[in-house]
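A.B. asks: Sharing a structure below in structure tokens format, with a few things to ask.
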Amino acid sequence: MHAARVHQAGGRFQVDTLARPKPRENDVVVAVKAAGVVPNLRNVMSNYGERAYLTVPELPAIYGLDAAGIVEDVGEMVSGIVPGDRVYINPGRSCGSCHACRSGDAINCPAYTFQGYFGFGPASQRIYKLYPYGGFSQYATAPASGLVKLPEQVSFEAAARFGYLGTAYSGLRKAGVGPGRTVLVNGASGTLGLGAVLLARAMGATSILGVARNRELLERVRAIDPARIHVLSAGDEPVGEWAHRLTGGVGVDAVLDTLGPGAPGQAMLDAITALRRGGRLVDVGGMNAPMQLNMHALMCAQVSLIGSLWFTVAEGEEMAAMAAAGTLDLSVLEHHRFPLGEVNEALALAEKRAGGFVNVVVMPSGQGE
Ligand SMILES: [Zn+2]
């Protein structure tokens, strides 16, 4: 089979010929039809030597975070998944036997690792040995328990966006977003933020407030559902005042902060001022600037600040069901498809960060259906 591998830190992809994997007894082999290209990938692929702050697979490595495709082969212990099933591989791998894993809380496993991307500590190297195939490979192995089954309404290209969508969805759930609730999405025109807007709609939020910078992209976000989506270009009006004005002076129930590393801390502090008493801010973007918080004010207003990482297979199944029912509408995504041999060009396009509507995918096993 062919796989695009990285041989040098931060380097280019090179298509190599490798042996096609066979499934271990609890695993499956998936023919990868689409894999998402993450704008941050080159940064992750630079984590070798003294500059490393994430745990990444040893070189040469097969990257590719979000893979979707068709099950080709299953191990002898697998009964709920059969060859021919359309699936998304949730790349979150855990050890399976520590306290967190045995408690049904795999994301808090100390060995938690994104297959084809990065992990959070030395224990991740063992995971990469067990699951060395990222999405930029014609075939990838994964545990059957890590698969989201895809309904026919979800294309492989849209499923390659499930990482961002699921991250937003899990954060919205932790924020208590649902029918009758209001939510402010900080960074609403970005890859995570647009997904958050689509999911907040699907979850029944009655008022969705989007804050971002780019006016043109914000207007496209608003046009998705003008009755429920309101937008503010950052700087036009203080975020807290705007949010209180739109909520009858109450403030929003929830904030989903999608701002990434490098964003100013003040942008998150401003979003906190939009919350009502008892409101929750969930951070999914990983903004990394230090912030001065007035904990006394947060305590008195019973405001919660919550960090949220990735999403469970169960949450993935819920998104697939919402997409099948039509309540989650992913039709606004613009897919840009590249063959495996053009993964370098695909990453260059993704790095332009043209906003959340653009969805760059590599199609290692040919075009999707
Ligand atoms: Zn574990």
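A.B. asks: Here are some conditions: (1) touching a Gly at 6+ places or on another chain (Cβ under 9 Å); (2) open to solvent by less than 60 Å² (accessible area, probe 1.4 Å); (3) outside any strand (DSSP E or B). Residue 81 meets all but one. Which one does it not meet?
C.D. replies: Going through the list (1) touching a Gly at 6+ places or on another chain (Cβ under 9 Å); (2) open to solvent by less than 60 Å² (accessible area, probe 1.4 Å); (3) outside any strand (DSSP E or B), residue 81 breaks only (1).
A.B. asks: Restricting the search to region 227-251, which residues are surrounded by fewer than 18 Cβ atoms within 10 Å (Cβ to Cβ) and within 19 Å of residue 328 (Cβ to Cβ)?
C.D. replies: Within region 227-251, 227, 228 meet the criteria.
A.B. asks: Can you tell me how many residues within region 304-333 are closer than 28 Å to residue 10 by Cβ and open to solvent by 40 Å² or more (accessible area, probe 1.4 Å)?
C.D. replies: Final tally of qualifying residues: 2.
A.B. asks: Need the failing condition index for residue 100 against (1) touching a helix residue (DSSP H, G or I) at 6+ places or on another chain (Cβ under 6 Å); (2) more than 16 Å from the ligand (Cβ to nearest atom); (3) outside any loop (DSSP other than H, G, I, E, B), just the number.
C.D. replies: (2)
A.B. asks: I'd like the full set of residues that are in a loop (DSSP other than H, G, I, E, B) and farther than 25 Å from residue 213 by Cβ, limited to region 332-369.
C.D. replies: Scanning region 332-369 gives 364, 365, 366, 367, 368, 369.
A.B. asks: Here's a follow-up. Working only within region 122-146, note down all residues that are part of a loop (DSSP other than H, G, I, E, B) and either open to solvent by 10 Å² or more (accessible area, probe 1.4 Å) or in contact with a helix residue (DSSP H, G or I) (Cβ under 8 Å, 6 or more places away or on another chain) (or both). Outline the logic, then answer.
C.D. replies: Here is the first cut: in region 122-146, the ones part of a loop (DSSP other than H, G, I, E, B) are 122-123, 131-136, 138.
Once the filter is applied, which keeps residues that are part of a loop (DSSP other than H, G, I, E, B) and either open to solvent by 10 Å² or more (accessible area, probe 1.4 Å) or in contact with a helix residue (DSSP H, G or I) (Cβ under 8 Å, 6 or more places away or on another chain) (or both), region 122-146 yields 122, 123, 131, 132, 133, 136, 138.
A.B. asks: While we're here: Identify the residue in region 2-22 that is open to solvent by less than 30 Å² (accessible area, probe 1.4 Å) and touching a residue at least 40 places away in the same chain (Cβ under 8 Å) and, among all such residues, is farthest from residue 339 (Cα to Cα).
C.D. replies: Only one residue fits best here, namely 21.
A.B. asks: Given the conditions (1) surrounded by fewer than 23 Cβ atoms within 10 Å (Cβ to Cβ); (2) outside any loop (DSSP other than H, G, I, E, B); (3) away from the ligand (no atom under 16 Å from the Cβ), report the number of the one that residue 107 does not fulfil.
C.D. replies: The single condition residue 107 does not satisfy is (3).
A.B. asks: Among the residues of region 313-337, count how many are in contact (Cβ under 8 Å) with a residue 40 or more places away in the chain and more than 22 Å from residue 175 (Cβ to Cβ).
C.D. replies: Within region 313-337, residues that are in contact (Cβ under 8 Å) with a residue 40 or more places away in the chain and more than 22 Å from residue 175 (Cβ to Cβ) number 6.
A.B. asks: Among the listed residues 112, 117, 63, 88, which satisfies the condition of being open to solvent by less than 20 Å² (accessible area, probe 1.4 Å) and near the ligand (Cβ under 10 Å from one of its atoms)? Can you show your working first?
C.D. replies: Values: 117 fails: near the ligand (Cβ under 10 Å from one of its atoms); 63 fails: near the ligand (Cβ under 10 Å from one of its atoms); 88 fails: near the ligand (Cβ under 10 Å from one of its atoms).
None of the others qualify; the one that does is 112.
A.B. asks: Exactly one condition in (1) within 16 Å of the ligand (Cβ to nearest atom); (2) over 15 Å from the mean Cα position of the chain (by Cα); (3) among the hydrophobic types (A, V, I, L, M, F, W, C) is not met by residue 150; state its number.
C.D. replies: Going through the list (1) within 16 Å of the ligand (Cβ to nearest atom); (2) over 15 Å from the mean Cα position of the chain (by Cα); (3) among the hydrophobic types (A, V, I, L, M, F, W, C), residue 150 breaks only (1).
A.B. asks: Given the conditions (1) away from the ligand (no atom under 11 Å from the Cβ); (2) at pLDDT 95 or above, which single one is not true for residue 94?
C.D. replies: (1)
A.B. asks: Residues to consider are 75, 116, 84; find the one that is at positive phi and either touching a residue at least 24 places away in the same chain (Cβ under 8 Å) or within 21 Å of the chain's Cα centre (by Cα) (or both).
C.D. replies: 116
A.B. asks: Let me ask you something else. Kindly indicate whether any position in region 30-40 is within 20 Å of the chain's Cα centre (by Cα), modelled with pLDDT under 95 and open to solvent by less than 50 Å² (accessible area, probe 1.4 Å).
C.D. replies: Checked against the condition, which is being within 20 Å of the chain's Cα centre (by Cα), modelled with pLDDT under 95 and open to solvent by less than 50 Å² (accessible area, probe 1.4 Å), region 30-40 yields at least one hit.
A.B. asks: Are there any strands (runs of 3 or more DSSP E) wholly within region 1-66 with 2 or more residues that are β-branched (Val, Ile, Thr), and if so which? Step through it out loud before you land on a result.
C.D. replies: Details: elements: 2-6, 13-17, 27-36.
Per the criteria, 13-17, 27-36.
A.B. asks: Checking residue 299 against (1) part of a loop (DSSP other than H, G, I, E, B); (2) open to solvent by 60 Å² or more (accessible area, probe 1.4 Å), which single condition isn't satisfied?
C.D. replies: The failed condition is (1).
A.B. asks: A further question on this structure: Enumerate the pairs (first residue in region 299-312 and closer than 17 Å to residue 268 by Cα; second residue anywhere and open to solvent by 60 Å² or more (accessible area, probe 1.4 Å) and of a type in the set (A, V, I, L, M, F, W, C)) with beta-carbon separation below 8 Å, excluding pairs fewer than 6 apart on the same chain, so at least 6 apart or on different chains.
C.D. replies: Pairs that qualify, where the first residue is closer than 17 Å to residue 268 by Cα and the partner is open to solvent by 60 Å² or more (accessible area, probe 1.4 Å) and of a type in the set (A, V, I, L, M, F, W, C), are 305/293.
The values are calculated or read from the model by the stated rules, or taken from the named source; none is laboratory data. In this text the structure is predicted, and so the values were computed from the model without any measurement. Glycine gets a Cβ as well: all are built from the backbone with ideal geometry, and neighbour counts include every protein chain shown. For accessibility, only protein heavy atoms count, side chains too; no ligands or nucleic acids. Shrake-Rupley method; radii C 1.70, N 1.55, O 1.52, S 1.80 Å.
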